[in-house]
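Let me begin by presenting the structure, written as structure tokens, before commenting on it.
Just so it is clear, none of the values below were taken in a lab; they were calculated from the coordinates. None of these values were measured; they are calculated from a predicted model. Positions of Cβ are backbone-derived with ideal geometry, glycine not excepted, and every protein chain shown enters the neighbour counts.
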Amino acid sequence: MPLTPSEALQHLRLAVELAGVDAPEVVLPEARHVVVDGMRLHCLDWGTRGHAPILFLHGGALTARTWDVVCLGLRRDHHCVALDQRGHGDSEWSPVMDYAPDAHARDIDGVLDAFGFDRAVLVGQSMGGLNAFVYTTRHPERVAGLVLVDVGPEIQLRGAQRIGDFVANTAEIDSIDAFVEQAMVFNPLRDRRLLTYSVHNSVRQRPDGTWVRKNDTRFFGQVGAEEISRRIAAYWQAVDTIRCPTLVVRGARSDVFLDDAAERFARALPDGRWVRIEGAGHTVQGDNPVGLIGAIRDFLGDAKK
């Protein structure tokens, strides 16, 4: 059963408090639906209209809710929108399982149009970072800045496979508690109360009482991490076409993306820099949201100079 608005607001207040985020007003986002080329996409609109827009793109098997605390921390100065990318969250699944970066890039373009954003900053983590990168190579005139969180041309396949195994092992679960127990083992950095809230946003209940992930898992196990890495390698080769200021973020505890890879990636970008966020693994926005908020604020402030 989904959380009630009052329960969701209570958890957001707790998340902000535990993270130490400066969010003068803790509010719930407005749920909006956008149709792009016949695909219904769900977005969370945090406001504030009239401010410089930021579009947030989550990682694989996550949802737009992964950005809740980050959006609350930035919404005072920015119009923050978080997208459930196709096949994830409350957006539709592709009937032909088209989840290539090209398809996501078309979705991003349609979402920016629907919100009336001529230009926006794109913030993407993992899969969302690749999609943001690909979109920027296709539509550089629409991207004011790019933040790529724990992703780049050089990823550690063992770390990526560990994440893939966890997602596959929790594709179907008997209870929320069972999911939380596995998730705490996978990422002990998380607070159990907040993780329970996060799980409620990431799964749906079947009539028989069991739970399944909201993301499309039909293709799980068909392609391994090494093959996925090979398929997307060509997309990263367009690195020299990225002209906007770009921040490469690495979680200090990440086993997917390492310091030297982040540094090389930032150097290869025409206007790149990188930062390490302490106390965070691959999912930086959940492990240390206040650190990521600070890095984004500093980056956007420098980009204006």
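The orientation-averaged shadow of the Cα convex hull for region 98-178, equal to a quarter of the hull surface, comes to 7.2 nm². For the listed peptides 261-272, 29-40, 129-140, a ranking on the average number of other beta carbons within 10 Å per residue, highest first, reads 129-140, 261-272, 29-40.
Under 8 Å for C-alpha pairs, at least 6 residues apart: give me the relative contact order for region 177-232, rounded to a whole percent. Don't jump to the answer; show the numbers that get you there.
On the way: 23 pairs, mean separation 11.0, N = 56.
The normalised contact order for region 177-232 reaches 20 percent.
Relative to the current alpha-carbon distance between residue 227 and residue 260, full extension at 0.36 nm per residue lengthens the span by 9.6 nm.
In a reduced charge model with +1 at each Lys and Arg Cβ and -1 at each Asp and Glu Cβ, the chain shows a dipole moment near 340 debye about its Cα centre. Normalising the Debye intensity of region 146-305 to I(0), with uniform scatterers on Cα atoms only, and taking log10 at q = 0.12 Å⁻¹ returns -0.63. Computed from the Cβ-Cβ distance with R0 of 30 Å, the FRET efficiency linking residue 192 to residue 165 stands at 0.90. Of all DSSP beta bridges confined to region 72-218, the antiparallel ones make up roughly 45%.
Averaging the Cα positions of each part gives two centres, and for region 82-129 and region 269-291 these lie 21 Å apart. Across every direction, the projection of the convex hull enclosing the Cα atoms of region 237-292 has a mean area of 3.8 nm².
Considering every alpha-carbon pair of the chain, the percent of pairs per 10 Å bin, from zero through the bin containing the longest distance, is 6, 30, 39, 22, 3, 0.
Full extension of the segment from residue 278 to residue 241, taken as 0.36 nm per residue of separation minus the current Cα-Cα distance, would add 10.3 nm. Between residue 109 and residue 218, the simple label model (points 7 Å from Cα in the Cβ direction) yields a spacing of 2.5 nm.
For residue 139 and residue 267, the FRET efficiency from 1/(1 + (r/R0)^6), where r spans their Cβ atoms and R0 equals 25 Å, is about 0.55.
Contour minus end-to-end for residue 185 and residue 31, with contour as 0.36 nm per residue of separation and end-to-end as the Cα-Cα distance? Working shown, then result.
Working: separation 154, 0.36 × 154 = 55.44 nm, distance 3.17 nm.
Difference between extended and current length: 52.3 nm.
With both residues required to sit in the chain, DSSP beta bridges show an antiparallel share near 40%.
If packing is taken as the average number of other Cβ atoms within 10 Å across a peptide's residues, how do 146-157, 288-299, 208-219 rank, most packed first? Could you put the intermediate results ahead of the total?
Details: 146-157: 23.4, 288-299: 20.4, 208-219: 15.0.
Listed from highest to lowest mean packing, they are 146-157, 288-299, 208-219.
Taking every DSSP beta bridge that has both residues in region 157-278, what percent is antiparallel when rounded to the nearest 5?
Roughly 45 percent of the beta bridges in region 157-278 run antiparallel, per DSSP.
Using equal-weight Cα scatterers in the Debye expression, the normalised intensity of region 23-148 in log10 at q = 0.09, 0.14, 0.15, 0.20 Å⁻¹ is -0.21, -0.51, -0.59, -1.10.
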